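The block underneath contains the structure these notes are about, expressed in structure tokens.
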Amino acid sequence: MSEQKNKLALSVQYADPRLQESITRPMIRKWVKAALFAPAELTIRFVDAEEGQSLNREYRGKDYATNVLTFAYNEGEEIAEDEPTRADIILCTDVLQREAGEQKKSVEEHTAHLIVHGVLHAQGYDHEDDEEAAEMEALETELLGELGYADPYA
């Protein structure tokens, strides 16, 4: 099972290149694999505020850029154990950098959190109600701790 757990096809796109030097593909792969419980085909894409706002408006009906958007393509479907989870995870560099400053975290630490958060969403985790939110936050805290990062909710 552990071999299947770690089966990952990962594409990283820097449409907004500002973090390309500091947030590297090997870092992203490590964070994704930490949060992955099944095989996956994922794209992580860094975008600017304009693209982030456009995607959020078009797909969620919210006219602002948000920190992370997850488009899970087999969401709600029963998939075989060996079939990969497929998703695009979009990170908005402008929002990510602003939030890191506001939360007094490094951009690396905040990016790790948002990627873990997005990968969990891709696998069906959510935070629509208090119980789901508590479960997801506890899992994020545990996974980030294993990666050497502080509790993102502290």
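The values are calculated or read from the model by the stated rules, or taken from the named source; none is laboratory data. Note that the coordinates shown come from a computational prediction; the quantities given were computed from them, not determined experimentally. Note: ideal-geometry Cβ built from the backbone for every residue, glycine included; neighbour counts use all protein chains shown. Side chains are part of the model used for accessible areas, which takes the heavy atoms of the whole protein and leaves out ligands, DNA and RNA. Shrake-Rupley method; radii C 1.70, N 1.55, O 1.52, S 1.80 Å.
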Restricting attention to region 15-38, the residues that are open to solvent by less than 10 Å² (accessible area, probe 1.4 Å) and part of a helix (DSSP H, G or I) number exactly 4
task: Would you check if there is a residue in region 60-74 being open to solvent by 30 Å² or more (accessible area, probe 1.4 Å), closer than 22 Å to Ala9 by Cα and among the polar types (S, T, N, Q)?
output: yes
Within region 39-50, residues being touching a strand residue (DSSP E or B) at 6+ places or on another chain (Cβ under 8 Å) and assigned to a helix (DSSP H, G or I) number 1
Given the conditions (1) closer than 21 Å to Phe37 by Cβ; (2) touching a Ser or Thr at 6+ places or on another chain (Cβ under 9 Å), every one holds for Leu114 apart from (2)
Across (1) under 15 Å from the mean Cα position of the chain (by Cα); (2) modelled with pLDDT of 95 or more; (3) surrounded by 12 or more Cβ atoms within 10 Å (Cβ to Cβ), Ser11 clears everything bar (3)
